[in-house]
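Since the structure comes first, as structure tokens, the remarks are kept for the end.
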Amino acid sequence: MGAPHSETVVSTRVSEPSCATTALSAVYLDGVGKSYGALEALRSVSLSISRGEFVCIVGASGCGKSTLLRMIAGFEEPTTGTLMVDGQVVSGPGPDRGVVFQDYGLFPWLTVAGNIAYGPRRRGIGRAEVKAVVERFCGVVGLAAFADKYPHELSGGMQQRVAIARVLANGSGVLLMDEPFGALDALTRSSMQAELHQLWGELNSTILFVTHSVEEAVYLADRVVVMTGGPRHDTPGHIGATVAIDLKHPRDPTSAAFNARKRELLAAIEAEPTVASTPG
Amino acid sequence: MSRLRQVLLALPLPFVLIGLWQVGVTQQWELPLDIRMANVPTPLAVLNRLRDFAFGGVIDDAFSGTFATHLWASASRVLTGFTWAALLAVPTGVAMGRSRLVSSAVEPTISLLRPVPVTAWVPLVLIVIGLGSRATVVLVFLACVYPILLNTIAGVKAVPPRLMEAADMLGTKPVARLWRVVLPAALPSILTGMRVALGFGWVIVVVGETVGVTTGFGSVIIEAQQTSKTDLIVAGMAFIGLAGFATDKAMTGLIRVALRDRPLL
Ligand SMILES: Nc1ncnc2c1ncn2[C@@H]1O[C@H](COP(=O)(O)OP(=O)(O)OP(=O)(O)O)[C@@H](O)[C@H]1O
Ligand SMILES: [Mg+2]
């Protein structure tokens, strides 16, 4: 589309993690690639996320956002490169990284309280303490009145709150969210965004959040990672640009500054996909 | 209101059938396929027999008031065979559903054995095990094992991978996945298999009891046949139907309690 570059001064840069950031980073990727047989889904992804940072990932369908998140979660292994969380090489899923799935992934045979208590129970925490944790996080996501309901008795938005409460209650320092609000209506979605942002401020967790919505990214993120490529572009998925969003919270989506960031981000997304650099 | 309608709609047919039955017997109707109604007991005779079989004091023969004995004999055979089948089929089904290796090793053999109907096993079982209660239990076992096995395999295979991932990221140890995720997720399917199996069990126990045992509903109706007590045959049939119906109701009640109001996966 060749959108003219706007007059905003926010920098667009490709992050260059150095060894010095490793120890400080909550999530650290260096030259990470992923192939499924002959298909190279991701190539040479380098990214460093600080503790307490809120990072959004945007990009066209098929550019490998989910694949990236699933590797950080430990569900899949990178084919090349280094992947560390809190200074430890990732070797499988673990309770230090809470995942919120787009389709919730709640246990249908457990109540809301049972789902939230699941993680703490696995850690062998005492009954009374588990009860306190469940009460606290039911309250945090506004579901105190629904603690004894089963997931199928709740709306999509409520189920997604349970899924978020479940990872928060497990004390996960890193939250990995793959289009968690994709299935929600606009109204529920914007209230969930505000709540999530508030929770993030209170709990001081690191969040990596995949979304298709540019507005959602500008509203939530400290930094937006734009991914490009994918099989449709004949080049493996990779990071095209990183855009810092230096707006104060609470952000007003109708403000001029907000829309300037949106335009900048859109321009970065619509830019011709660069050719992924060969791993080196 | 619609409940009342349902009852009103369902009620006439049994009365019409019983009326036709009564008239057919007294008029000695000859129906197609050589059905001679003269040989059928009247509804009243069957009703008397049902009462006598259950409580005694009407007919006073060897079968008077023996209902409980025969019910216990048949039910315990069904439950014993069913229990052994469940104990074998559930673990095997879980292993087959979880492991490609186990499935490849066992599945072909099962596919070969399964088409043999349980009734075709009867002669061999009677010779190998001998006449008696044991043979019947084994036949019930054979009838119950396949539905439980197949439903367990299907249920375990259908466990959503997403739930495994959710359990993993919440800190479930790999060995604990089995009882934390696989079994709870597959439970509705396993219980459905058990329900089907119990139904089959009641069918086969009657077949098994027709030879070599003196207790159980199957032996009652066979002995009644040999002594031409047609009223007892029909009474026995009615009680077999009732017992199967009651067992199925108990099983569905149990399933409802076990699953509470959770949805079936
Ligand atoms: N298990 C898999 N086996 C083979 N190919 C896969 C697998 N998972 C993902 N891919 C491929 O990797 C590429 C990236 O997929 P991914 O799901 O990460 O994209 P995405 O950016 O999340 O897309 P969307 O926005 O549609 O969710 C796609 O081409 C996809 O076909
Ligand atoms: Mg995706």
>> Students often forget the sequence filter, so: which lysines lie under 26 Å Cα-Cα from residue A:65 once same-chain residues fewer than 8 apart are removed?
In response: A:34, A:262
>> Rounded, prolate or oblate, given the Cα gyration tensor of the protein assembly as shown, with a/c below 1.5 counting as rounded?
In response: prolate
>> Need one number: the % of Cα-Cα pairs in segment A:30-127 sitting beyond the 20 Å mark.
In response: 48 percent
>> Taking 8 Å as the Cα distance limit and 6 or more residues as the minimum spacing, I'd like the relative contact order of chain A as a percentage.
In response: 28 percent
>> For a quick check, take a GNM of chain B with Cα springs below 10 Å and name the residue from B:172, B:215, B:247 with the largest mean-square fluctuation.
In response: B:172
> How many Å² of accessible area per residue for chain A, probe 1.4 Å?
Replying inline: 44 Å²
> Which residues of segment A:88-120 bury at least 20 Å² of accessible area once all protein chains are present, versus their chain alone (1.4 Å probe)?
Replying inline: A:93, A:95, A:101, A:103, A:105, A:107, A:108, A:109, A:118
> Between residue B:16 and residue B:248, what is the label-to-label distance in nm when each label sits 7 Å out along the Cα-to-Cβ direction?
Replying inline: 2.3 nm
> On the accessible surface of chain B, probed at 1.4 Å, how many percent belong to carbon and sulfur atoms?
Replying inline: 69 percent
>> Below 8 Å, C-alpha to C-alpha, sequence gap of six or more: please give me the relative contact order for segment A:107-171 in percent.
In response: 51 percent
> With contacts defined as alpha carbon pairs under 8 Å and 6 or more residues apart, what's the relative contact order of chain B in percent?
Replying inline: 20 percent
>> Multiplying the sequence separation of residue A:234 and residue A:185 by 0.36 nm and subtracting their Cα-Cα distance, what value in nm do you get?
In response: 14.2 nm
> Say each of residue A:86 and residue B:36 gets a label point 7 Å from the Cα, pointing the same way as Cα to Cβ; how far apart are those two points in nm?
Replying inline: 8.8 nm
> How large are Rg and Dmax for chain B when only the alpha carbon atoms are used, in Å?
Replying inline: 23.2, 77
> Probe 1.4 Å, all protein chains in place: accessible area of residue B:44 in Å², nearest 10?
Replying inline: 110 Å²
>> List the chymotrypsin sites (Phe, Trp or Tyr not before Pro) within segment B:13-118 that DSSP assigns to loop and that have no more than 16 neighbouring Cβ atoms inside 10 Å.
In response: B:29
> Can you list the residues of segment B:231-263 that have at least 10 square angstrom less accessible area with all protein chains present than in their chain by itself, probe 1.4 Å?
Replying inline: B:260, B:261, B:262, B:263
>> Computing the accessible area with a 1.4 Å probe over protein heavy atoms, can you report the carbon and sulfur percentage for segment A:184-280?
In response: 55 percent
> Given a 1.4 Å probe, how much area per residue of segment B:1-100 is accessible, in Å²?
Replying inline: 67 Å²
> Roughly how big is chain B's charge dipole about its Cα centre, with Cβ charges of +1 (Lys, Arg) and -1 (Asp, Glu), in debye to the nearest 20?
Replying inline: 1240 debye
>> Can you report the principal axis dimensions of segment A:153-213 using only the alpha carbons, biggest first, rounded to whole angstrom?
In response: 28, 28, 18
> Mind checking how much accessible area A and B bury in total, 1.4 Å probe, in Å² rounded to 100?
Replying inline: 2000 Å²
> Under a point spin-label approximation (7 Å from Cα along Cα-to-Cβ), what is the residue A:50-residue B:211 distance to one decimal in nm?
Replying inline: 8.5 nm
> Between residue B:27 and residue B:2, 0.36 nm times their residue separation minus their Cα-Cα distance comes to what?
Replying inline: 5.1 nm
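The values are calculated or read from the model by the stated rules, or taken from the named source; none is laboratory data. As the structure is a computational prediction, the values presented were derived from the model and not from experiment. Methodologically, a virtual Cβ is constructed for each residue, glycine included, from the backbone with ideal geometry; neighbour enumeration extends over all protein chains shown. Heavy atoms of the whole protein, side chains included, go into the accessibility calculation; ligands, DNA and RNA do not. Shrake-Rupley method; radii C 1.70, N 1.55, O 1.52, S 1.80 Å.
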